[in-house]
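This report concerns only the one structure given below.
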Amino acid sequence: RRQRDAVGLTTFSENVEIYTPAKSTMAHHKFLFNQMETYLNADPDSNKTSAVDAMHQIAERLHRRSLIVVLSDMFDNSDKQDELFSALQRLKFNKHEVILFHITDKQTELDFDLENRPYTFVDTETGEQVKAHPNEIRDTYLAQMDKFMKELKLKCGQYGIDFVEADISKGFNDILLQYMIKRKKLF
């Protein structure tokens with residue numbers, strides 16, 4: 001705000017739900033904070049998401065070079081992974097600076113560190129349930145997650161996209177502080 005930078009906000013599920021063009025007015029900033037607070041206080045919904053479609057829509061709407069900060073787990077349908085990388089590449093091709101904060105819960109999603117007992121895993125977007133014992137699927141799951149993470153980091157590196165691992169169990173203060181210190185050293 002002090003630098004009078006224009007800021008916008010886009011939220012999406014399967015479609016873009018909120019899109020505000022970048023502005024630097026005090027009223028616009030208050031509106032953005034109110035929108036984010038509404039999401040923060042809302043009950044979680046089970047809407048499906050499509051980062052691919054949203055990123056293509058954002059790329060179509062942004063005409064000025066912008067800094068785009070994406071906060072996502074990037075777990076679109078596995079059959080859409082190539083499209084997901086294409087959408088990220090399109091943002092970079094349009095001369096936008098892109099930072100991807102890859103949001104995960106490292107302990108459960110990446111390390112699969114769960115107790116040795118049966119679980120019912122629920123897809124929050126589709127409601128689909130799978131009953132499994134972590135020890136029976138751990139190796140396969142970890143291999144698939146490792147493959148996904150390597151590909152995501154590789155593609156971000158190829159496209160010049162800053163990739164930041166954001167473990168939600170740590171909170172965003174430390175993650176943002178570390179990233180801002182790193183960024184300050186670069187510029």
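The values are calculated or read from the model by the stated rules, or taken from the named source; none is laboratory data. Because the structure is a prediction, the values reported are computed rather than measured. Reconstructed Cβ throughout: ideal geometry from the backbone, glycine too, with neighbour counts over all protein chains shown. Heavy atoms of the whole protein, side chains included, go into the accessibility calculation; ligands, DNA and RNA do not. Shrake-Rupley method; radii C 1.70, N 1.55, O 1.52, S 1.80 Å.
Filtering the stretch 128-138 for residues that are within 18 Å of the chain's Cα centre (by Cα) and either open to solvent by 100 Å² or more (accessible area, probe 1.4 Å) or in contact (Cβ under 8 Å) with a residue 24 or more places away in the chain (or both) leaves an empty set. When L71 is tested against (1) over 22 Å from L152 (Cβ atoms); (2) out of contact with any helix residue (DSSP H, G or I) (no Cβ under 8 Å at 6 or more places or on another chain), only condition (1) is not met.
Among residues of the stretch 2-16 that are at pLDDT 85 or above, those with a Cβ under 6 angstrom from a residue that is assigned to a loop (DSSP other than H, G, I, E, B), sequence gap 6+ or separate chain, pair up as A6/S24. Within the stretch 158-177, the residues that satisfy the criterion of being out of contact with any Asp or Glu (no Cβ under 6 Å at 6 or more places or on another chain) and open to solvent by 60 Å² or more (accessible area, probe 1.4 Å) are Q158, E165, K170, F172, N173, D174, L176, L177.
Out of D76, D123, report the one residue that is of a type outside the set (A, V, I, L, M, F, W, C) and open to solvent by 60 Å² or more (accessible area, probe 1.4 Å). From the options D76, D123, the qualifying one is D123.
Of all residues being within 21 Å of G8 (Cα to Cα) and of a type outside the set (S, T, N, Q) in the stretch 79-96, which is surrounded by the most Cβ atoms within 10 Å (Cβ to Cβ)? Just the residue, please. Only one residue tops the list, namely L88.
All but one of (1) in a loop (DSSP other than H, G, I, E, B); (2) open to solvent by 60 Å² or more (accessible area, probe 1.4 Å); (3) not small (G, A, S) hold for T49, so report the exception by its number. Going through the list (1) in a loop (DSSP other than H, G, I, E, B); (2) open to solvent by 60 Å² or more (accessible area, probe 1.4 Å); (3) not small (G, A, S), T49 breaks only (2). Per the conditions (1) modelled with pLDDT of 85 or more; (2) within 22 Å of I175 (Cβ to Cβ); (3) not aliphatic (A, V, I, L, M), the sole criterion not satisfied by T25 is (2).
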